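Engineer: The structure is given below, and queries will be raised subsequently.
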């Protein structure tokens, strides 16, 4: 039992959890409406999309790679599906998801091809595809924003859907959005893959020691291909959630928010070298970043401080983990 | 067997080829003094960023924060130029303030590079993450200072840097060429430069050969920051304004250009000449696209696509070379 | 069923310019503990790779379980039950013990899903089979080297291994851990599983093996059963006739011997303890001992890469602090690294760059720029002095042979005109001719006044080239031999090797 407790505390995620608790207490003392159910429901709804993107980014990081093109894939999926729905007149949210996810998988497959078959460095490749995908979307599909009036109803309805509803004192209601369900579904599915399939273990293995993974007989090419397609798939889901949330689609959106997602994943304990991290940690990171984003004003800082904070968080959290790593390396005289 | 210059020669040929093609198909708009001047004035901002990125890559790292450094130092300089200058001031005082602004910009760019360098060398943060973080931090500071707004209205004398010409050559171009020459000199003929190349080739052997890896890395990112700082001065002078968020398209194209120019992303190899030719090729294409009225989005697509294409081609060439090397040993 | 599990006949393999294996044969019976013995560079690892199907032989045949293979692929070798545990163990540091053990089997079964119950059971079964205990849930990166060894063996067993090849498994183990490993190997034997134990450590070979195949310079010297061998005979067979080379004689030039280097009570927790020794100008001091004895750690602390916790270092009588390689170089201390390829050379850079990297300050002109003339002069001087054979000095260092590569690294340090030169196993993987060439270079340097510390794994090498020898074990100096000519090879072997055995025995 003692060992189990010790093991729980050796994970960095537990510290993040405590930091979040402390932070929430501080925020609640400044503004008591923070710790209300309504606020929490709202937090979940608005950060679910980021959470899904973060899960995808985390899986890539776990395998020792990096993918910055997920934002372009998300907006591409969103914009294309909205336009198709508008053009064909079909008003079906399931079709929207289908189109968006298909676009996502296709674009992810391009990443997968370049990385697993041509063995190109992941950061530079995905920087290239980020630009290529977004540029292609704007150049070939269009740049016109879709406002609320033009948007097919299915999106608007979907955004409003709640799992259950509660009533306030004055008779108005609020609820826990279905977004929570979708996020939960993505989290569970990803967790199952990572923990209970050979594919998932292969992802861990590649991130832990690529050469050993090759020697052990893992299908490196196949696994990597899957990873990038999966990220695309998740980005496709997020794209539809995003458009339903805003009730508006502008193809210039989403791209540019990569840093926040990366900050969340890195904060959650995943290492850039691969092999380490957890979905829980990633989710905690998302929670932390979301709380920060929404409550900067409460802390007396205007929203202009957001970018600075994100950058600072990344620097501090990677510094801590990297420095620990470095000390360990020095002690064992391995010169990296 | 021409070694590291064979790639440059290929690039040079491509560059000449593009010039010829453009001269044939769009001569009336392409072969004008105005066009060449315009190209020559846009190359420097971007070219300096490419050089900045290249130096970092030579050590096997990357500097994603270069554009944020230009943003931050540009904002700082812009603030000095607008807040400290009032119309009643005499010529001499204005010139002094301009020099102060440039100096402060340069110094802050060095400080930015120092931060990245320290994180990478002494704390042991991988370059991708360190510069990702500093990228956000520097941009963030710039946004906080300006509260998201732009700053405009710089003294006329300052605008000479960006828009003036000496004879018919634009001032920025001269600055760029001078910087490129100096960087080439440093890289090829100083002990720092050689140490950078060797460190990029094999950081472990570098420790064992008595090279101070940490100090070399810090210096590398400081040089990177410095070049970004110089670029920002040119940039704000050319457009007579500064708004945070400007120039992020350059990040990708800078990487494209240096990969095109023959720099090896894993470190140790690359030539300034290759990068400069790459920059020129990109500018030629950029101008050509402008003349053909391509949308900026289409260009965005093309740059991304070209980066991928160049890397795939490099991969195929490397595979081919490996195969022919094997054949030589086992005929 | 064939009596022999593995029969390797007349295998030859050549790489550019070097005959790695020349007409080598080896055979292993079921349940046999067989040692493949030889010094570094004798061809052991090439033979292993050929048996594993990772490298193809130029000539010869391989028969496994009575089946003849002309073209052995890795997958055939594995299917026949041959498992190789490489020195790096090929484990996943971020995964648990149980998972590391069971993963290969899961992959082989082509299962899509993982049953964690199966994983734990498989791991537990294998551990029980060899009567070992490990915490199944711990991450491999958190466990000791010896435990990792056990994990690697269990993994091999899950694949139905009939022959486990262990490549230098004891390099990072303590004596107690080595004993545990040996009892595991005996357990394997009881189950009919053969072990091919690759080593160059005499004492271990004598303790565990039943049959020994000895390689020297790519050729098989012989195959013996263990009762035919003893310490002396084994040494003799491994090293062959002594090279007709006079032993190095220390020329005491002046009466006031310059104490170039003195080390007092140098200690670093976990690495070495209370190290005391002196080095005079003109001496070649040997440091030998089993791997793990702290030699390299000690050397690195003199070079600025592994600062000691306590103790003092004196150069020319003055106390100094060596906190970085720059300090060491300033004090004119040079170090030739053990791992030539990854620590010594910039393999893709030119030979000339590899040479001048240490003397950049010396080839600058007045403008602090690298002077082409000075650069050329330096490169030509040192490549000629060290007889570096190459069509062009601008060619990449990877184009050179092992011996020439070592000479490049030597040149780089000699160019700094060191007072103290520490060489860490300088002749590993180098052909005989280059070896004797390097020996004569070292002696000339000593005679010219340099103080040299020669860290060596090879007793004969130490005895022939050093006038004094320190024997280290587990971080301490256990024996100081003040006159190398006063001791025989066998005596030294005993001191280095058997001392360990005596402790347990």
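Engineer: How large is log10 I(q)/I(0) at q = 0.22, 0.27, 0.29, 0.30 Å⁻¹ when the Debye formula is applied to the Cα atoms of the range B:82-138, each weighted equally and without solvent?
Structural biologist: At q = 0.22, 0.27, 0.29, 0.30 Å⁻¹ the computed log10 ratios are -0.79, -1.00, -1.08, -1.11.
Engineer: Exposure proxy check: C:35, A:101 ranked by fewest other beta carbons within 10 Å?
Structural biologist: A:101, C:35
Engineer: Listing A:179, B:221, C:335 from the residue with the fewest other Cβ atoms within 10 Å to the one with the most, what is the order?
Structural biologist: A:179, C:335, B:221
Engineer: Label the range B:71-208 by shape, choosing from rounded, prolate and oblate, from the square roots a ≥ b ≥ c of the eigenvalues of the Cα gyration tensor; if a/c is under 1.5 it is rounded, and otherwise prolate applies when a/b is larger than b/c, oblate when it is not.
Structural biologist: Taking the square roots of the gyration eigenvalues as a ≥ b ≥ c, the range B:71-208 is oblate.
Engineer: Sticking with this one: Between residue B:20 and residue C:362, with labels modelled 7 Å along Cα→Cβ, what's the label distance in nm to one decimal, could you check?
Structural biologist: Using points 7 Å along Cα→Cβ, the separation is 5.0 nm.
Engineer: Using a 10 Å cut-off on Cβ atoms, rank the peptides A:150-161, A:133-144 from the highest mean neighbour count down. Kindly include the intermediate steps, with their values, before the conclusion.
Structural biologist: Values: A:150-161: 16.7, A:133-144: 19.2.
Answer by packing, highest mean first, reads A:133-144, A:150-161.
Engineer: Quick one: order A:242, C:73 by neighbouring beta-carbon count within 10 Å, fewest to most.
Structural biologist: C:73, A:242
Engineer: Compute log10 of I(q)/I(0) for the range C:349-460 with the Debye formula, placing one identical point scatterer on every Cα and leaving out solvent, at q = 0.16 Å⁻¹, to two decimals.
Structural biologist: Log10 I(q)/I(0), no solvent term: -0.76.
Engineer: While we're looking at this one, here's another question. Report the FRET efficiency, 1/(1 + (r/R0)^6), for residue A:25 and residue A:191, where r is their Cβ-Cβ distance and R0 is 45 Å, rounded to 0.05.
Structural biologist: After rounding to 0.05, the efficiency reads 0.95.
Engineer: Which residues in the range C:174-211 place their backbone N less than 13 Å from a point set 7 Å from the Cα of residue C:478 along the Cα-to-Cβ direction?
Structural biologist: In the range C:174-211, the label zone of residue C:478 (backbone N under 13 Å from the point 7 Å along Cα→Cβ) covers C:174-176, C:203-204.
Engineer: Treating the angle as unsigned and between 0 and 90°, give the value, to the nearest 10°, between the Cα long axis of helix B:171-189 and the longest Cα principal axis of chain B.
Structural biologist: 40 degrees
Engineer: Now for a separate question. Once you average over the residues of C:84-94, how many Cβ atoms of partner chains fall within 10 Å of each Cβ? Could you put the intermediate results ahead of the total?
Structural biologist: Values: counts 1, 0, 3, 0, 3, 2, 7, 4, 11, 5, 12.
The per-residue average across the peptide is 4.
Engineer: Also, quick follow-up: Other chains near B:61-72: what is the mean number of their Cβ atoms within 10 Å of each residue's Cβ?
Structural biologist: 1
Engineer: Give me the angle, in degrees from 0 to 90, between the Cα long axis of helix B:249-260 and the longest principal axis of the Cα atoms of chain B, rounded to the nearest 10.
Structural biologist: 30 degrees
Engineer: Please compute one quarter of the surface area of the Cα convex hull for chain A and express it in square nanometres.
Structural biologist: On the way: hull surface 81.1 nm².
Averaged projected hull area, Cα only: 20.3 nm².
Engineer: In nanometres, what is the gap between the two model label sites at residue B:160 and residue C:265, each 7 Å from Cα along Cα-to-Cβ?
Structural biologist: 7.0 nm
Engineer: With the crude spin-label approximation of a point 7 Å out along Cα→Cβ, what separation in nm comes out for residue C:230 versus residue C:487?
Structural biologist: With each label placed 7 Å out from Cα toward Cβ, I get 2.1 nm.
Engineer: Return one number: the angle in degrees, 0 to 90 and rounded to the nearest 10, between the long axis of the Cα atoms of helix B:272-291 and the longest principal axis of the Cα atoms of chain B.
Structural biologist: Value to nearest ten degrees: 60.
Engineer: Right, another one. Can you give me the Cα centroid spacing of the range A:270-299 and the range B:240-268 in angstrom?
Structural biologist: Cα centroid to Cα centroid, the span is 29 Å.
Engineer: Once the mean 1/r over all distinct Cα pairs of chain C is inverted, what Kirkwood radius in angstroms do you read off?
Structural biologist: Mean inverse Cα-Cα distance, inverted, gives 24.8 Å.
Engineer: Say R0 is 25 Å: what FRET efficiency, to the nearest 0.05, do residue C:374 and residue C:326 get from their beta-carbon distance?
Structural biologist: 0.75
Engineer: Okay, moving on. Can you give the FRET efficiency to the nearest 0.05 for residue B:122 and residue C:319, using r as the Cβ-Cβ distance and R₀ = 22 Å?
Structural biologist: Numbers: r = 28 Å, r/R0 = 1.26.
Here the calculated transfer efficiency is 0.20.
Engineer: Does the range A:9-65 come out rounded, prolate or oblate by the C-alpha gyration tensor, with a ≥ b ≥ c the root eigenvalues, rounded set by a/c under 1.5 and, if not, prolate when a/b is larger than b/c and oblate if not?
Structural biologist: Judged from the Cα gyration tensor, the range A:9-65 comes out oblate (a/c at least 1.5, b/c at or above a/b).
Engineer: Calculate the mean, over all residues of peptide A:207-219, of how many other protein chain Cβ atoms lie within 10 angstrom of the residue's Cβ. Walk me through the numbers before you get to the answer.
Structural biologist: Values: counts 3, 9, 10, 0, 3, 10, 4, 1, 6, 10, 9, 3, 1.
The shielding value for this peptide is 5.
Engineer: Given a 10 angstrom Cα cut-off, can you work out which residue in B:123, B:111, B:239 is the most mobile in a GNM of chain B?
Structural biologist: Looking only at B:123, B:111, B:239, the largest GNM fluctuation is found for B:123.
Engineer: Continuing with the same structure: Considering only the protein assembly as shown, what is the antiparallel percent among its DSSP beta bridges, to the nearest 5?
Structural biologist: For the protein assembly as shown, the DSSP antiparallel bridge percentage is about 60.
Engineer: Using a Gaussian network model of chain B whose springs link C-alpha atoms within less than 10 Å, name the residue from B:297, B:138, B:158 with the highest mean-square fluctuation.
Structural biologist: B:297
Engineer: Of the candidates B:275, B:118, B:312, which one comes out as most mobile in a Gaussian network treatment of chain B with C-alpha springs shorter than 10 Å?
Structural biologist: B:312
Engineer: For the range B:3-293, what mean projected area does the convex hull of the alpha carbons give, in nm²?
Structural biologist: Working: hull surface 64.1 nm².
Averaged projected area of the range B:3-293's Cα convex hull equals 16.0 nm².
Engineer: Next up: Which shape class, rounded, prolate or oblate, goes with the range B:217-331 when its Cα gyration tensor gives a ≥ b ≥ c as root eigenvalues, a/c under 1.5 marks rounded, and past that a/b bigger than b/c marks prolate?
Structural biologist: oblate
Engineer: Report, in cubic angstrom per residue, the convex hull volume of the C-alpha atoms of the protein assembly as shown.
Structural biologist: Taking only Cα atoms, the protein assembly as shown has a hull volume of 217 Å³ per residue.
Engineer: Follow-up. Specify the inter-centroid distance of the range A:232-246 and the range A:199-225, based on alpha-carbon positions, in whole Å.
Structural biologist: After rounding, the separation between the Cα centres reads 29 Å.
Engineer: Using alpha carbon centroids, what distance separates the range B:44-80 and the range C:378-393, in Å?
Structural biologist: Comparing the Cα centres of the range B:44-80 and the range C:378-393, I get a distance of 41 Å.
Engineer: Mind listing the Cα extents of the range A:1-138 along all three principal axes, in Å, largest one first?
Structural biologist: Principal axes ranked by extent give 53, 41, 28 Å for the Cα atoms.
Engineer: Before anything else, pin down the relative contact order of the range B:3-293: Cα pairs under 8 Å, at least 6 apart, normalised by residue count, whole percent.
Structural biologist: 38 percent
Just so you know, all these numbers are worked out from the coordinates, no wet-lab data involved. These numbers were taken from a predicted model, which means no experiment stands behind them. With ideal geometry, Cβ positions are generated from the backbone for all residues, glycine too; neighbour counts draw on all protein chains shown.
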